[in-house]
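Taking it in order: structure first as structure tokens, then the write-up.
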Amino acid sequence: MSIQSFEIRVCQNPECGLRYPLTEGHPFGERCPLCLGETVLVLKKKIERESNEERERKDRRELAVLVDNVRSAWNVGSILRTSDGFGFSHVFLCGITPTPEQAEVRKTALGAEQFVTWSHHKDAVKLVEKLKQEGWRVWALEFVEGAVPIRSAEGDEPKIVLIVGSEVTGVDPGLLALTDQIVYLPMHGQKRSFNVAVAFGAAAFALNQ
């Protein structure tokens, strides 16, 4: 049964004071999940349901993402959810990347796997060779020599597949050799890379502008 509403409750223990949401049927009940103290209801709200109506895609390029050897099921679920939100037509899951058949992926996808199509492929290089023959332009998100900031990338191609790679080793060099363009996200801190799901989200936003 889907959840219809939730409450905001505040713990009355002066040494705690936790404010938290409580959904219908949650095993915590009305006790504070931290200290088990008494709580009071401060707000009750219905949960807004997402519409299943098909979104229009007027004058937009077709976008897909290729997720190669990303180990984290939570990252994959997040990428699926972001792909749906930004209107990507397909998610190619390659190598050891887990699929929505795993509960951990579904947990972070929050149902997005039902609205964006996906497929699994053992060898991403063979897949990209096939996609190029089908007319896809291939971009990779990676900070390497020759890469350009994503906002400076040139191309009005009607079909772009964006590659994101392993959290540890990055995009496979064999895939980089097949790309039409390599792009990166400019950073202003000390780290040289974002979490892969966060990086994809930023890139997906840029590609939709």
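Quick rundown of the values:
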item: Using alpha-carbon coordinates, inclination of helix 73-85 to the longest axis of the chain, degrees; result: 80 degrees
item: Given charges at beta-carbon only (K, R positive; D, E negative), |dipole| of the range 5-46 in Debye; result: 220 debye
item: Principal-axis tilt of helix 196-207 within the chain, Cα atoms, nearest 10 degrees; result: 70 degrees
item: Count of lysine pairs in the chain with Cα separation under 17 Å (8 or more residues apart, or interchain); result: 4
item: Expected 222 nm ellipticity per residue - DSSP helices of 4 or more, -39500 (n - 2.57), all of the chain, to 500; result: -6500 deg cm²/dmol
item: Share antiparallel - DSSP beta bridges, the chain, percent rounded to 5; result: 35 percent
item: In the range 131-209, the trypsin sites (Lys or Arg not before Pro) that fall in loop regions by DSSP, at most 16 other Cβ within 10 Å; result: Lys191, Arg192
item: Nearest-ten-degree value, helix 124-133 long axis tilted from longest Cα axis of the chain; result: 60 degrees
item: Kirkwood Rh, Cα atoms: Rg over Rh of the chain; result: 1.08
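Each reported figure results from applying straightforward, stated rules to the coordinates on display, with no laboratory input. Keep in mind the model is a prediction, meaning the values are calculated, not measured. We place every Cβ from the backbone using ideal geometry, glycine too, and count neighbours over all the protein chains shown.
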